[in-house]
1. Take the alpha carbon gyration tensor of region 1-151, find the square roots of its eigenvalues, order them as a ≥ b ≥ c, and report rounded if a/c is under 1.5; if not, report prolate when a/b exceeds b/c, else oblate.
2. Quote the FRET efficiency, to the nearest 0.05, computed for Leu114 versus Glu189 with a Förster distance R0 of 30 Å and r equal to the Cβ-Cβ distance.
3. If each of Ala33 and Arg182 carries a label point 7 Å out from its Cα toward its Cβ, how far apart are those two points in nm?
4. Return the tail of the calculated pair distribution for region 99-155, meaning the percent of Cα-Cα pairs more than 14 Å apart.
5. My understanding is that a pair violates if its Cα-Cα distance is over 19 Å; which of Lys56/Lys239; Lys72/Lys205; Lys115/Lys215; Lys61/Lys239; Lys115/Lys239; Lys19/Lys215 do that in this structure?
6. Most fluctuating residue of Thr142, Thr48, Thr159 in a GNM of the chain with Cα springs under 10 Å: which is it?
7. Taking a ≥ b ≥ c as the square roots of the Cα gyration tensor eigenvalues, with a/c under 1.5 meaning rounded and otherwise prolate when a/b beats b/c, else oblate, which class fits the chain?
8. Enter the Cα centre distance for the pair region 142-197 and region 69-103, rounded to the nearest angstrom.
Amino acid sequence: MTDAIRPLIAGNWKMNGLKASTAEFDAMLNGAAEVAGQADLLVCPPVTLIAAFADKARGKKVAVGAQDCHPKASGAHTGDIAAEMLVDAGATAIIVGHSERRADHGEGDALIRLKAEAAWRAGVTAIVCIGETQGQRDAGQTLNVVRGQLNGSLPDGSTAANLVVAYEPVWAIGTGLTPTSRDVEQIHEFIRELLTSRFKGDGGKMRILYGGSVKPSNAAELMAVRNVNGALVGGASLKAADFLAIAQGCPK
């Protein structure tokens, strides 16, 4: 982890969570004060829970975000949700470009860039996801894929205040597999170099999260890696005990 950059532990609930899940979120709110000195906490529930969670989180140590948005602010886009609507519900950040959106919905870098700009238009942070598949990794294409996604997905004008990068090797998401600490360090260093080259001083201060089977048992090791400034957590973020334990893995 880079000492000058405050870690962010972001939970992506994906398509999980009903009203009954409020109890788990309450437990996160109750335990957040104990880890607030180590990291910022963000929970991105399904859109049906954003408003309720945001109301509960007001004045607490957990922020609420969203998992996706449409590039446009309004219009004839049935079933889609604008960034402004998400912010109106209480979201303070929006994840864009997650590998599941790229794979399941065919989203490319150009669309993801527009979605990041939409988050800015609404006044919140964009968390832009990048990462290679197993096939790309096996073919030795990891660095080329990461470079291409960063170049294509990050808008001009990205700053440490309005953008977070989340590196998620697709082959590690939900599989229980994780790269070695050395692998993570090499990729995050590569990302940092690209960010600094393009965005100068701001590139050196942007948070780079690691995602992909992050859990309490490996969080401390991952969070200690240079240029790992937090985590984007999937399944483990659905349980308050696991989510808070991961935050406790951040260096004090």
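Just so you know, all these numbers are worked out from the coordinates, no wet-lab data involved. Keep in mind the model is a prediction, meaning the values are calculated, not measured. Because the Cβ atoms are built from the backbone with ideal geometry, glycine has one as well, and the counts that use them run over all protein chains shown.
1. Values: a/c = 1.83, a/b = 1.28, b/c = 1.43.
It is oblate, given that a/c is not under 1.5 and a/b is not larger than b/c.
2. On the way: r = 29 Å, r/R0 = 0.95.
My answer for the efficiency is 0.55.
3. 4.5 nm
4. On the way: 904 of 1596 pairs.
Of all Cα-Cα pairs in region 99-155, 57 percent lie more than 14 Å apart.
5. Working: Lys56/Lys239 17 Å; Lys72/Lys205 29 Å; Lys115/Lys215 29 Å; Lys61/Lys239 17 Å; Lys115/Lys239 29 Å; Lys19/Lys215 24 Å.
Long pairs (Cα-Cα over 19 Å): Lys72/Lys205; Lys115/Lys215; Lys115/Lys239; Lys19/Lys215.
6. Result for the chain, Cα springs under 10 Å: Thr48 fluctuates most.
7. Note, shape of the chain comes out rounded.
8. Value for the Cα centre distance between the two parts: 22 Å.
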